[in-house]
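Report on the structure given below.
Values in this text are rule-based calculations from the coordinates and carry no lab data. This one's a predicted model, so the numbers in the text were calculated from it and none came from an experiment. Positions of Cβ are backbone-derived with ideal geometry, glycine not excepted, and every protein chain shown enters the neighbour counts.
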Amino acid sequence: MKYFAFIKPLILNPKLTNMKNLLFIALIAAFIAGCSGKSTGTDKAQATAAVANKTVTLAINGMTCTGCENTIQEAVTKIDGVKSIKASHLDSTAVVSFDASKTSIEAIGAAVTEAGYEFKGEKATATQTK
């Protein structure tokens with residue numbers, strides 16, 4: 001409320017109560033209220049969503065062709081929470097993006113194993129090995 005102290009004299013002054021001044025005062029009040037620095041629930045929700053989204057590279061043995069890639073991709077995309085997957089038989093990997101609040105690397109690994117391939121776990125990236 002201390003932010004609005006300067007508005008009171010403007011409102012009470014009869015010379016300044018025309019429509020333009022009232023609109024101006026309302027805009028300033030809205031701006032100050034918006035800039036108060038209080039966070040909203042939306043900020044928390046966005047931060048939680050960013051933490052929940054995860055992208056990992058998984059090591060998978062046994063893929064020999066694009067058909068194998070497709071089999072793994074189909075098996076993993078059936079899991080609730082998986083957003084995308086790109087498997088590569090040339091690299092023996094799959095890059096998976098998923099919502100960590102809905103699924104896990106272990107559940108993805110189980111789907112890979114069930115599809116007939118050897119799940120070796122998360123592959124260490126250059127940033128993880130430093």
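Within segment 99-112, residues that are surrounded by fewer than 16 Cβ atoms within 10 Å (Cβ to Cβ) reach partners that are of a type in the set (D, E, K, R) with beta carbons closer than 9 Å, at six or more positions or on different chains, in the pairs Asp99/Lys54; Asp99/Asp80; Asp99/Lys83; Ala100/Lys54; Lys102/Asp80.
Scanning segment 55-66 turns up no residue that is buried (at least 18 other Cβ atoms within 10 Å of the Cβ), closer than 12 Å to Glu122 by Cβ and either touching a Leu at 6+ places or on another chain (Cβ under 7 Å) or hydroxyl-bearing (Ser, Thr, Tyr) (or both).
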